[in-house]
Amino acid sequence: MLYDVLIIGGGIVGCAIARELTRYRLRVALCEKEREVGFGTTKANSGIIHGGHHAAPGTLKGRLEWAGNQRWDRLAAELGFGFRRVGELTVARSAAEFPTLDKLLHHATVKRIPGVERWEAERIRREEPALSPTVLAAVYAPTTGVVNPYEACYGLAESAVRNGLDLLTGFPVERLHQEDGLWVVLTPTVVLQARFVINAAGIDADRVAASALAGNFDIRPRKGEEYLLDKRLQGLVKRVIFPCPTAVSKGILVIPTFDGTIMVGPTAEEAGDRTDLTTSTPGARAVFDAVRDLVPGISEKDVIAQFAGLRAVATGEDFIIGPTSRRGFINAAGIQSPGLTAAPAIAELVVDVLRDEGLTLVERDDFMPALPRPVHFAALSTMEQIALSLRDPRYRRIVCRCEYVTEGEVLDAIARGAATLDGIKFRTRAGMGRCQGGFCTVRCMELLARSRGMDMASVTKRGRGSWLVYERNGGTLRSSDSAPEDEQERMGGEA
Amino acid sequence: MSVEEKHATDLITVGYLCIGCPLGCRLEVDADTITNAVVEVRGYSCRRGKDYAIQEHTAPMRLVTTTVAVDAGLWARLPVRSRTPVPKDKVKAICKHLRSIRVTAPVASGAIIWVDDREPGIEIVASRAMPAR
Amino acid sequence: MITAAPRHLRASYDVVIVGGGPAGLEAAVAARDNGAAHVLVVDRDQEAGGILLQCIHSGFGLHRFGEELTGPEYAQRVVASTLEHDIDVIADAYVLDIDERRRVKLMTTQAGVSLVEARAVVLAMGARERTRAAIRIPGTRPAGIFTAGLAQRLVNLYGLLPGRRAVILGSGDIGLIMARRLTLEGIEVAGVFEIMPYANGLNRNIVQCLHDFDIPLHLSTTVVEIRGQNRVEGVTVAPLDETLQPRLDRAWDIPCDTLLVSIGLIPENELSQQMRLRFDSATRGPVVSSAMECSRDGIFACGNVVHIHDLVDFVSAEAMVAGRSAGQYVAGTLPRPDNVQLQPGANVAYCVPHTISTEREHTVYLRARKPLDACTLQLTEPDGTPVYARKLRYVFPAEMVNLKLRPAILQNFHGSILRVNIVERATEGE
């Protein structure tokens, strides 16, 4: 199979690039090693669309942060995922931190970010009464928003597939090399060829680059632990709360997520290795010690879920986007914070790079920017719920009782690509609430098994190796450890 | 159960945890090593505790509860039980055997699922009605 | 099981009951017996009966039926009783909301979402399990971590086995029962770990679920780390010091592919919270009167949604009160309101109901904070003046204490607050 462009990595960056490229008359493929897109760094992202004033104007990060920020309203509208500009406060708790506030204000002025202003204590008390009384002043930015990062990623991937992307999930790239001016990309089961390769491989981007003999950077994964809190605390803060940032990190934040729950984190520590997704006692302590100083009403007792993600931090800390010493091999690497915010702008930049590198880009006149909006049953009015359930019997059964997710929403998620329990969870929230899947796990397994024509024992949490149960048939145990082919899928490639 | 010591008089002392109530009395039974007859019970604080110790030492019994496969039923498994308690040392073997049994819905509550031909008195019955799907 | 699926739902019912487990079904019968002509029970599962249907072991019903039944047998009897009482039971249905005027937003597979009027409501949604996050076990997030109840459902209803070698965290009865259940299904149970210095389950279950199968029980020990990228590959356990901090220097690793978490139940109150009922932070359920009435008129509650019971028999007893009260509410015969508030005092975690009447007889359920041998249950005035005392052989947090309060006991008490204490007998006079 010969492609014009092959993207390696189906995180938010790879998916944003894929969708941007499907605007043009090109054959584009995306290879993702996990069973579904967004299962790497993206799913553990904090979900903040940064206000634009954090990264310094002179850096690539700084430029793409603000450019990316401005794309999100339109993306959310087109792809139908949730996005809300809740605003943010970066708070100072001593006069020593005032220069940091001044710097943020200065960034905002230089980048012409509207509405960024300094708030004094009185205004802060009025607007965010749950904040610690030790907060003296803050910089307010109305431009900051929140999204569910995996929803955005799914939306981009689905839109790209509808517009002709060949999406391969469960296809880890083992090596790649150039042959007669073409890139030959090897996965365990198929060999792909492409004129251009985009390296959006996240924490493995240095290895992919090295395999292409274009490696001149290292990725040092930086782990972040996040703690999701009970719905009880909904509304405690209205805006994303930042402490004054330090050299390595933006600090421990209090985030009112798009779904209304509060999330706290992330930590920032060098990960032991590229698979280290562990949460830790010191991590939890660091998060809650820091958060108690910001919002005293938050405690460990309210945790309903904990997880960790790895930021792909490249040598030099900045993004690495552009052509390499190997013709046709283009990096979109080292995308750490504010990578989610910047992703739409990164995608546009990569398209520019491809044009500069000699790819002919002809816009298609049949590009479909919009996706059908998924039903969010719990958010409908009673009258809408009655009408929908009368029309469609799939909306007559609750699957997840913590988040009131209907069978119809789960079936829709499966139809749109959810192939695992986590895939259903991230798309519908089933299993994300208080009981963490205690009730809905079996129902989701049944629906997955039925829709995809497999047995219950073949359902996994998130792909290969993450089997959930065994079935006993006539006295012998049948393993659910599946063959690699069972954990692969190709979607699209027809438009 | 723990065997603590052998007496010169051919008595053996065995310890049991009383299950009568949360006090959880540590019961001690002195029994003849040859006949296994109970000579003395210590450590109980009520009559039920003493009776339990003797029963548990001489002929411990357990109710078997497990499931068997059911075809075309509302659920995939049918819960079953032994009609009466069975000797404790038979429980594992009975459950293992029941893993190979399949029935078809509908099944009536109390229906006999399996009778042990070799062991009179061991009878496994459905502990619920299973309607057909 | 045969359920009384009504051919047509009525537009209005005297009593709508949310939850078709033992609490809801028993309340339905009591409501019917006490003046409610039309009663609807809504259950979210594919048949009524509740969690009892997956509790295939025996030990239920000694108080209620005078014999020892398995869970399904108990459930079957209660379901049969609702059938005899001409009660509408709708399964595979869900109550989404109940508004101020007691209009029930109901979702059914037959009719979709509809609004049903209720003159009274009984909340009987039961409980959910505490999860790994509730105790923040560090480590990875692989497949293979199940709450004990989910594993029980998989094994007993679906015939799906959760793994080959399991570690169980928590020595409550569900954890112990699952240790035996997995063993009988051929799954190796490497051990049961309990954070407290005592087991939380019944001795009967310690003996018959662990000792019978040589499964080790480690007290004052907990899981401190979960390992495995995709599937659980092992856990690390460590003993705890007196302050409940793990002694990591004495930790050890256990290879396993499954971790069952059995660390307690929490009343399932999504709906009651939406309804903005008053809550008790100790029970995590709604505050109830002796009629099992919540802080809103005509809303009653019973069973595990109010507080976690250890015996279904007591759920039934409480449900009869709630159902009777709902029936009386509809008939306009609900007795006069309570005049005394119960206040948990020394070594008492909570009391249910939260208020009582000196004119009627009540059963008060309470739970001790810590185990005590030879102790006294005291009722006192807020200033400590004794009102009533009863000797107890022991108290144990996992075993609910039932206190029968008759008007005669309180005839010389004229206050409005009664404090409930459990004190050691030696300190009784102080």
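The values are calculated or read from the model by the stated rules, or taken from the named source; none is laboratory data. If you're wondering where the values come from, they're calculated on a predicted model, not measured in any experiment. As a convention, Cβ positions derive from the backbone with ideal geometry for all residues, glycine included, and neighbour counts pool all protein chains shown. SASA here: full protein model, heavy atoms, side chains in, ligands and nucleic acids out. Shrake-Rupley method; radii C 1.70, N 1.55, O 1.52, S 1.80 Å.
I'd like the full set of residues that are touching a Leu at 6+ places or on another chain (Cβ under 9 Å), part of a loop (DSSP other than H, G, I, E, B) and within 14 Å of B:G73 (Cα to Cα), limited to segment B:116-133.
Just the residues of segment B:116-133 that are touching a Leu at 6+ places or on another chain (Cβ under 9 Å), to begin with: B:124, B:126-128, B:130-133.
Narrowing the set further to residues that are part of a loop (DSSP other than H, G, I, E, B) leaves B:127-128, B:131, B:133.
Correct list: B:R128, B:P131, B:R133.
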Checklist line | Selected residue [without any contact (Cβ under 8 Å) to a residue 40 or more places away in the chain and open to solvent by less than 30 Å² (accessible area, probe 1.4 Å)] from A:G235, A:G251, A:G224 | finding: A:G251
Item checked: Failed condition for A:V264, given (1) away from chain C (no Cβ under 14 Å); (2) closer than 24 Å to A:G11 by Cα; (3) modelled with pLDDT of 95 or more; (4) open to solvent by less than 10 Å² (accessible area, probe 1.4 Å) -> (1)
Next item on the list: Would you please list the contacts, defined by Cβ atoms under 7 Å and residues six or more apart or on different chains, that run from a residue in segment C:99-116 that is under 12 Å from A:I398 (Cβ atoms) to a residue that is open to solvent by 40 Å² or more (accessible area, probe 1.4 Å) and part of a strand (DSSP E or B)?
Entry: C:K105/C:D97; C:K105/C:L115
Notebook entry, point to check: When you scan segment C:40-69, how many residues do you find that are β-branched (V, I, T) and either facing chain B (nearest Cβ under 9 Å) or free of Cβ contacts under 8 Å to residues at least 12 places away in the same chain (or both)?
Noted result: 1
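Taking segment A:402-430 as the region of interest, how many residues are in contact (Cβ under 8 Å) with a residue 24 or more places away in the chain and under 19 Å from A:F258 (Cα atoms)? Please lay out each step first, then the result.
Filtering segment A:402-430 for residues in contact (Cβ under 8 Å) with a residue 24 or more places away in the chain gives A:402-424, A:426-430.
In the following step, the residues that additionally are under 19 Å from A:F258 (Cα atoms) were identified as A:402-405, A:409, A:413, A:422-424, A:426-430.
Adding up the residues that qualify gives 14.
For every residue, the table says whether it meets (1) touching a residue at least 60 places away in the same chain (Cβ under 8 Å); (2) outside any strand (DSSP E or B).
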{"site": "C:L366", "(1), (2)": "no, no"}
{"site": "C:K370", "(1), (2)": "no, yes"}
{"site": "C:L392", "(1), (2)": "no, no"}
{"site": "C:N402", "(1), (2)": "yes, no"}
{"site": "C:I422", "(1), (2)": "yes, no"}
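Among the candidates A:V362, A:V353, A:V375, which residue alone is surrounded by 15 or more Cβ atoms within 10 Å (Cβ to Cβ) and either out of contact with any helix residue (DSSP H, G or I) (no Cβ under 8 Å at 6 or more places or on another chain) or not hydrophobic (A, V, I, L, M, F, W, C) (or both)?
Working: A:V362 fails: surrounded by 15 or more Cβ atoms within 10 Å (Cβ to Cβ); A:V375 fails: either out of contact with any helix residue (DSSP H, G or I) (no Cβ under 8 Å at 6 or more places or on another chain) or not hydrophobic (A, V, I, L, M, F, W, C) (or both).
When all the criteria are applied, what remains is A:V353.
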Next item on the list: Would you point out which residue out of A:G51, A:G47 is at positive phi, in contact with a strand residue (DSSP E or B) (Cβ under 8 Å, 6 or more places away or on another chain) and crowded, with 21+ Cβ neighbours inside 10 Å?
Entry: A:G47
Next item on the list: Could you please find all residues in segment A:174-193 being closer than 23 Å to A:T324 by Cβ, open to solvent by 40 Å² or more (accessible area, probe 1.4 Å) and within 27 Å of the chain's Cα centre (by Cα)?
Entry: A:E174, A:R175
Next item on the list: Quick one: in segment C:125-140, of everything that is touching a helix residue (DSSP H, G or I) at 6+ places or on another chain (Cβ under 9 Å) and open to solvent by 30 Å² or more (accessible area, probe 1.4 Å), which residue is farthest from the other protein chains (Cβ to nearest Cβ)?
Entry: C:A134
Margin query: Being open to solvent by less than 10 Å² (accessible area, probe 1.4 Å), in contact (Cβ under 8 Å) with a residue 12 or more places away in the chain and more than 8 Å from every other protein chain (Cβ to nearest Cβ) is the requirement here; does C:L161 meet it?
Written below: no
Notebook entry, point to check: Given the conditions (1) in contact (Cβ under 8 Å) with a residue 40 or more places away in the chain; (2) more than 14 Å from chain A (Cβ to nearest Cβ); (3) assigned to a strand (DSSP E or B), which single one is not true for C:F146?
Noted result: (2)
Note to self: Suppose we keep only residues that are of a type in the set (A, V, I, L, M) and open to solvent by less than 20 Å² (accessible area, probe 1.4 Å) within segment C:200-227. Which one would you say is nearest to C:P162 (Cα to Cα)?
What the structure shows: C:I226
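Is it the case that segment C:376-383 has a residue that's in the same structural domain as C:I356 (by TED's automatic domain parsing), surrounded by fewer than 16 Cβ atoms within 10 Å (Cβ to Cβ) and polar (S, T, N, Q)? Lay out the reasoning, then the answer.
First pass over segment C:376-383, keeping only residues in the same structural domain as C:I356 (by TED's automatic domain parsing): C:376-383.
Filter once more, keeping what is surrounded by fewer than 16 Cβ atoms within 10 Å (Cβ to Cβ): C:381-383.
Retained after the next criterion (residues that are polar (S, T, N, Q)): none.
Within segment C:376-383, not a single residue is in the same structural domain as C:I356 (by TED's automatic domain parsing), surrounded by fewer than 16 Cβ atoms within 10 Å (Cβ to Cβ) and polar (S, T, N, Q).
Given the options C:V232, C:V224, C:V261, C:V237, name the one that is in contact with a His (Cβ under 8 Å, 6 or more places away or on another chain), in contact (Cβ under 8 Å) with a residue 60 or more places away in the chain and under 16 Å from C:F193 (Cβ atoms).
On the way: C:V232 fails: in contact with a His (Cβ under 8 Å, 6 or more places away or on another chain); C:V224 fails: in contact with a His (Cβ under 8 Å, 6 or more places away or on another chain); C:V261 fails: in contact with a His (Cβ under 8 Å, 6 or more places away or on another chain).
Of the residues listed, the single one that is in contact with a His (Cβ under 8 Å, 6 or more places away or on another chain), in contact (Cβ under 8 Å) with a residue 60 or more places away in the chain and under 16 Å from C:F193 (Cβ atoms) is C:V237.
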Note to self: Against the condition open to solvent by less than 10 Å² (accessible area, probe 1.4 Å), under 16 Å from C:S262 (Cα atoms) and more than 9 Å from chain A (Cβ to nearest Cβ), how does C:V122 come out, does it pass?
What the structure shows: no
Next item on the list: Being within 30 Å of A:R125 (Cβ to Cβ) and either within 12 Å of chain C (Cβ to nearest Cβ) or surrounded by fewer than 15 Cβ atoms within 10 Å (Cβ to Cβ) (or both) is the filter here, so list the residues in segment A:268-291 that pass it.
Entry: A:A284, A:R285, A:V287, A:F288, A:D289
Item checked: Conditions (1) modelled with pLDDT of 95 or more; (2) buried (at least 22 other Cβ atoms within 10 Å of the Cβ); (3) within 26 Å of C:P286 (Cα to Cα); number of the one not met by C:A166 -> (3)
Notebook entry, point to check: Of (1) of a type outside the set (K, R); (2) buried (at least 19 other Cβ atoms within 10 Å of the Cβ); (3) part of a strand (DSSP E or B), C:E117 satisfies all except one. Which?
Noted result: (2)
Item checked: Qualifying residue in segment A:314-334 (condition: at pLDDT below 95 and assigned to a strand (DSSP E or B)) -> yes
Next item on the list: Please verify whether segment C:237-254 includes one or more residues that are β-branched (V, I, T), within 12 Å of chain A (Cβ to nearest Cβ) and out of contact with any Cys (no Cβ under 6 Å at 6 or more places or on another chain).
Entry: no
Item checked: Test for B:A69: is it facing another protein chain (nearest Cβ under 10 Å), out of contact with any Cys (no Cβ under 9 Å at 6 or more places or on another chain), at negative phi and not β-branched (V, I, T) -> yes
Next item on the list: Would you point out the residue of segment B:73-101, among those that are at the interface with chain C (Cβ under 7 Å from one of its Cβ atoms) and assigned to a strand (DSSP E or B), that is farthest from the chain's Cα centre (by Cα)?
Entry: B:R77
Next item on the list: Keeping to segment C:228-243, report how many residues are open to solvent by less than 10 Å² (accessible area, probe 1.4 Å) and either under 30 Å from the mean Cα position of the chain (by Cα) or of a type in the set (A, V, I, L, M) (or both).
Entry: 4
Check: Taking segment C:264-286, which residues are without any contact (Cβ under 8 Å) to a residue 40 or more places away in the chain and at positive phi?
Finding: C:R276, C:R284
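In segment A:452-485, which residue that is open to solvent by 50 Å² or more (accessible area, probe 1.4 Å) and either modelled with pLDDT of 95 or more or part of a loop (DSSP other than H, G, I, E, B) (or both) is farthest from the other protein chains (Cβ to nearest Cβ)? Break it down into steps so the answer makes sense when it comes.
Narrowing segment A:452-485 to residues open to solvent by 50 Å² or more (accessible area, probe 1.4 Å): A:452-455, A:464, A:473-474, A:476-479, A:481, A:484-485.
Okay, now just the ones that are also either modelled with pLDDT of 95 or more or part of a loop (DSSP other than H, G, I, E, B) (or both), so A:453-455, A:464, A:474, A:479, A:481.
Working: A:G453: 18, A:M454: 14, A:D455: 10, A:R464: 7, A:G474: 7, A:S479: 10, A:D481: 9 Å.
By that ranking, first place goes to A:G453.
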